[in-house]
Structure formats: structure tokens, C-alpha cells
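Undergrad: Sharing a structure with you now.
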Amino acid sequence: MKSSNNTLPQAFSELAVFCEQWCLESSQARNAARISASMEDIRDFYDGATLHAESALAHLSTLQLGELPEADGNLLRLMLSLAEIGPAVEWFNQPRVRDGCDESHFPLVIAIPDLEAQGDIQG
Amino acid sequence: MPESITALNLTAKYPELNHEPVDTDIYWKEELFAEEKDKIFSRAWHCLGRVEELNEVGSFFKRKMPTFNLSVIVVRSSDNEIKAFMNACSHRGNDVELADCGKRKAFTCKFHAWSYNLDGKLVGVPDEAGFPDLIKSDIGLRQFKCSLWEGFVFVNLSSEPQLTLKEYMGQQGADLEGYPFHLGTSKFQFSGVIDTNWKFLVDSFCETYHIPILHRRTINSTMAGPDNIHGRTVDIRLKGDHRTTSVWGNRKYQPKTVQGLAFKHSPGVAITSAGDDSIELPKGLNETRSPNWSIDVCVFFPGLVCVIGAGMYFTHQMWPVSAGKTHWEMTGYLRPAANAAERFGQEHTMAELRDAVLEDANTLERMQRNVSTGLVDKFYFHDHELSLRYQHFTVKKHLEDS
């Protein structure tokens, strides 16, 4: 599922080109996007996003979950997609785990919420 | 070999063990699984969750125990105790609770609305006059023995467990007490059914001999690598039926770009970064206090594997349903994100962990297929596969019990 609005904070507007494919609303959606993407798409996103990731994370480190303005929430979700596709580039050089069990055999059934404040365990 | 690499003499420390090959019957024969279920799983304490999930009176969670085909409700009762009940109505056996978790004043069956209070007592029967001989106070949800260790909720299905939970956790449990398990409140879970014996699943997390080969693209560089080319472990300790494998960590590892950002923005230590010296560990974690330590893999026999690092931990719970089929749950417990950037570190930890265990999972179904032919009748365990040899030894010991 795609996020409803793809606005990013002004300083990170160059990343807007990636929102359509990578600004997604759950861990499960990000893994599904990774395994259905081409390696070219993943590399384009990796190269583009890592250029800005250090400053994006520095910016996000000043903000609290549970109270993110929409644009900052979108930026965080792009960064979460970068976390998801990191191993595709840095470990496997292909979208899926190389010689791995199919993801569908071991799905994520409880995810950490993307944007909610944390502290209490979610049963 | 560098000084930090452990020598080959671990098995010799335990005179009840030897270096002989072992037979493979217990990994595939259904009649032996039936015995395991009876003599091992039916008697064991089973971990169902964390006490932080039950913060208030009436908070509950529901869990499946696939080995026994059971659904169990765990609730904080009116007297503030944690209690466990079979999720089955006394009237005619329907589930009384359909939600996975939440907060209730009473559990009411959606079939005929028989209702039970938080202590499991039957308190409501519609048109009760239709049951002229019913004595409500004699009827309730079936209760299971329930106890806590370091905030983990355990149940035992025996009416008279052979061991208390404290006795069951034993020395290995005592040596882990004090670890801040309660801080791991940001939880994620993967769950699936794998066509493999439960012992193969446990084994895949208990030896590091496979890391340079199977995980050559992934965690080899952090848990083995050029200074530890054969993937030697730091140490293995056998304690009662339980055992701990201390895993080596490459302190010289230079992370790749996204990994490095995740290590920097992680609540607690990310799983593939080597240990953080600033955290005081309980005696039982990295017991030899090796500077090249990453995580400990603590198995509580039979099916609970706690993988514990300085800043996060996760558990594997194995629920065998046949000799060749196991329900596998992997639950991560991360420290809460102190800011929005730390959510990124959490996601990366989750993704790397999943990808590395998907590498492990592929071997499990292949091994099961081959061993089930009866033609692979021996296994050879490396000295640093001691934890696997001990599992084999311990299972055999229990099967010989009457």
C-alpha cells in the first residue's frame, strides 16, 4: 500500500522521485516492494537515498515518533525502505536472499509500527 | 591462528560425551517423535510471552501451542496474578476468546454467551433455569500451571509439574538473571511452518561452523571473517539440559553504507555489530568475557532458543507437530526508539535478521528430506558443534526415562 501523500520536507525534495515506489506503509509492504522490484530499481534507490541518508537521519533524530508531521513521516518511510533494501545491495546483489527459503514460508506477523510512539509492548 | 580463537577441546570437558558419530533416528522416525512429545514436551515449561504485554488487570493475550493443538489465554487476573486458561468453553467446547490480545472484564463465549471472570470461574449462564443441576461454582475454564521467569510467562500442561519453573530454568537461568529483558518492548515476530524436525531448527542457531560457508554473503564478515576463518565459537557451556553457545564477533568489521547508518541510529546494539563494552552483562552472558563476543545463543531444552546481545535479544520458539514438521516463531525484542531515526535502525535489524535466517531455513527442509530416507544414518559433529551433540545426548537420555 502506498502512502496517501508523497510530500517530503523541503530539504529532501530531491528524494520525491522515489516516493511512488518506496514510500510505503508497513514493513510487509516494503519487503513485498523489494522482492518484486528489479535490481536496477533497487540500485537507483540505494544510490539516490544513501546520498541524503546521513542528513535525513540526522534530521529525524531530532524528531519524536508519534508526533511526526506528514512530510517527515514520509521521509522516515523512505528511510525504512532503504533499511529493507540494504541487504539486497550490500549482501546479495539481487532483490531476494540468495539460496534462501522463500519469504512467504516465514512471514512477518507482528511488525513494529512505522510512525507510532514506542514504549509499551504490542501483544 | 589469532589468540582470540578458541581451541578445539570443548567436548573433552564433558566426560559423558565423546567424539563418535551419532545415529539419526530421532530426527525423522514418527514413533520416536511420539515418545518425545510424551516424555519431553508434555513435561516441559513452555514460554508464551512477556509480562509487559499484561500491564493491567484484565489485560490478556491468546497463544497457540501447536504441538498440543491448544489455544491458551494468559491474563492478569483480578488479584494481579498472571493466570493461564485453556481457551475452551465448559458448555460445549467452543473458543471463549477470539481476539489475539486486549483487555476484558470477563471472557464470554460467542456461541451461547457463557461467561467467565478473570479467574476463569463461570459467572454467567443465560437461561440458567434450563440446567437444573448446574453448580456454577464447580465449573470454570481449565487452568494450567503458570509461572514467571525474568518477565517471561511460562506454562506447564502437567497438573503436577516434575520441576518448578525455577528448577527447570536451572543454572543457565540463574546465570542470566539481571539482563534487562524488560527493556525490549518494541516487538516484531515472524512465524511459519517448516518441513523439518524441531531439533534441526534448534541446531541451526547453535553452531557457528556453518557461518563462513552458508552465510558467506551475510553474517560471515561480522561473526567470523579473516581472523576466524573456520567460524570457531567463543565458548560452549552445558548446564543441566540447557546449553549456551557464545558467538564470536569481528571487532574490526567496517560496516557497509546502510549498515553503518543503522549501527549509528540503533536503540541498543544492532545484531550484526560486535558487542558493546559499556553494558554490564550478567555472569552467564559471554561468560569467558571474551573481547571478541557478539551474542549468546541460550537454549532452554527442548524448544526455546534465546539469542541475546548486549542491546537486543530475540527468541525462537519451536513447536513440533510431527517428526518432520515444526511451527517456528521468531520474536525480536528491541529497545524502543528514542527518536524517529532509531526506527530506521530497528527496521534494518529486523531485515538483516530475517534475511540471515532465511539462509538457514533452506538447509532444514533439504536435511529432513534426505535423513527421512533412512539412508543418512550417521551424523558427524565438530568439536564446536558440541551444543548439537548435547541435544542428541539429552533427547536420548529423556527417551530412556520411563
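The values are calculated or read from the model by the stated rules, or taken from the named source; none is laboratory data. The shown structure was predicted, so the numbers you read here are calculated from the model rather than taken from an experiment. Neighbour counts are summed over all protein chains in view; Cβ atoms, including those assigned to glycine, are modelled from backbone coordinates with ideal geometry. Accessible surface is based on the protein model in full, side chains and every heavy atom, while ligands, DNA and RNA are left aside. Shrake-Rupley method; radii C 1.70, N 1.55, O 1.52, S 1.80 Å.
Undergrad: If you check B:N55 against the conditions, is it at pLDDT below 95 and assigned to a loop (DSSP other than H, G, I, E, B)?
TA: yes
Undergrad: I would also like to ask the following. Suppose we filter segment A:63-93 for residues that are open to solvent by 50 Å² or more (accessible area, probe 1.4 Å) and more than 7 Å from chain B (Cβ to nearest Cβ); how many remain?
TA: Within segment A:63-93, residues that are open to solvent by 50 Å² or more (accessible area, probe 1.4 Å) and more than 7 Å from chain B (Cβ to nearest Cβ) number 5.
Undergrad: Here is a follow-up. Report yes if some residue within segment B:308-326 is within 17 Å of the chain's Cα centre (by Cα), surrounded by fewer than 21 Cβ atoms within 10 Å (Cβ to Cβ) and either basic (K, R) or at the interface with another protein chain (Cβ under 8 Å from one of its Cβ atoms) (or both); otherwise report no.
TA: yes
Undergrad: State all residues of segment B:96-142 that are assigned to a loop (DSSP other than H, G, I, E, B), of a type outside the set (A, V, I, L, M) and in contact (Cβ under 8 Å) with a residue 24 or more places away in the chain; if no residue qualifies, say none.
TA: B:E97, B:D100, B:R104, B:K105, B:W114, B:N117, B:D119, B:G120, B:R142 - these are the residues of segment B:96-142 that are assigned to a loop (DSSP other than H, G, I, E, B), of a type outside the set (A, V, I, L, M) and in contact (Cβ under 8 Å) with a residue 24 or more places away in the chain.
Undergrad: Any residue that is open to solvent by less than 20 Å² (accessible area, probe 1.4 Å), hydroxyl-bearing (S, T, Y), in contact with a Leu (Cβ under 7 Å, 6 or more places away or on another chain) and at pLDDT 95 or above - is there at least one of those in segment B:62-82?
TA: Scanning segment B:62-82, I find at least one residue that is open to solvent by less than 20 Å² (accessible area, probe 1.4 Å), hydroxyl-bearing (S, T, Y), in contact with a Leu (Cβ under 7 Å, 6 or more places away or on another chain) and at pLDDT 95 or above, so the answer is yes.
Undergrad: Would you check which residues across segment A:16-39 are among the hydrophobic types (A, V, I, L, M, F, W, C), within 14 Å of chain B (Cβ to nearest Cβ) and in a helix (DSSP H, G or I) and list them?
TA: Of everything in segment A:16-39, those that are among the hydrophobic types (A, V, I, L, M, F, W, C), within 14 Å of chain B (Cβ to nearest Cβ) and in a helix (DSSP H, G or I) turn out to be A:W22, A:A29, A:A32, A:A33, A:I35.
Undergrad: Also, I was wondering about something else. Within segment B:186-222, work out how many residues are in contact with a helix residue (DSSP H, G or I) (Cβ under 7 Å, 6 or more places away or on another chain) and either in contact (Cβ under 8 Å) with a residue 12 or more places away in the chain or not in a helix (DSSP H, G or I) (or both).
TA: 25
Undergrad: Still on this model: All but one of (1) within 14 Å of chain A (Cβ to nearest Cβ); (2) of a type in the set (D, E, K, R); (3) part of a loop (DSSP other than H, G, I, E, B) hold for B:K283, so report the exception by its number.
TA: Only one criterion in (1) within 14 Å of chain A (Cβ to nearest Cβ); (2) of a type in the set (D, E, K, R); (3) part of a loop (DSSP other than H, G, I, E, B) is unmet by B:K283, namely (1).
Undergrad: A further question follows. Which residues, taken from segment A:94-123, are within 7 Å of chain B (Cβ to nearest Cβ), hydrophobic (A, V, I, L, M, F, W, C) and more than 15 Å from the chain's Cα centre (by Cα)?
TA: Within segment A:94-123, A:V97, A:C101, A:F106, A:L108, A:V109, A:I110, A:I121 meet the criteria.
Undergrad: Moving to a separate point now. Is it the case, given these coordinates, that B:D203 is open to solvent by 30 Å² or more (accessible area, probe 1.4 Å), more than 14 Å from chain A (Cβ to nearest Cβ) and among the acidic types (D, E)?
TA: So B:D203 fails the test.
Quick grid of which residues meet (1) buried (at least 18 other Cβ atoms within 10 Å of the Cβ); (2) in contact with a strand residue (DSSP E or B) (Cβ under 9 Å, 6 or more places away or on another chain); (3) of a type in the set (A, V, I, L, M, F, W, C):
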| position | (1), (2), (3) |
| --- | --- |
| B:G140 | no, yes, no |
| B:L157 | yes, yes, yes |
| B:Y168 | yes, yes, no |
| B:G173 | yes, yes, no |
| B:Y179 | yes, yes, no |
| B:S186 | yes, yes, no |
| B:V193 | no, yes, yes |
| B:P226 | no, no, no |
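Undergrad: Let me ask another. Tell me, yes or no, whether segment B:327-344 has at least one residue that is surrounded by 19 or more Cβ atoms within 10 Å (Cβ to Cβ) and more than 14 Å from chain A (Cβ to nearest Cβ).
TA: Taking every residue of segment B:327-344 in turn, none turns out to be surrounded by 19 or more Cβ atoms within 10 Å (Cβ to Cβ) and more than 14 Å from chain A (Cβ to nearest Cβ).
Undergrad: Name the single residue that is nearest to B:T326 (Cα to Cα) among those in segment B:362-378 being of a type in the set (A, V, I, L, M, F, W, C) and open to solvent by 30 Å² or more (accessible area, probe 1.4 Å).
TA: Across segment B:362-378, the extreme among qualifying residues is B:M367.
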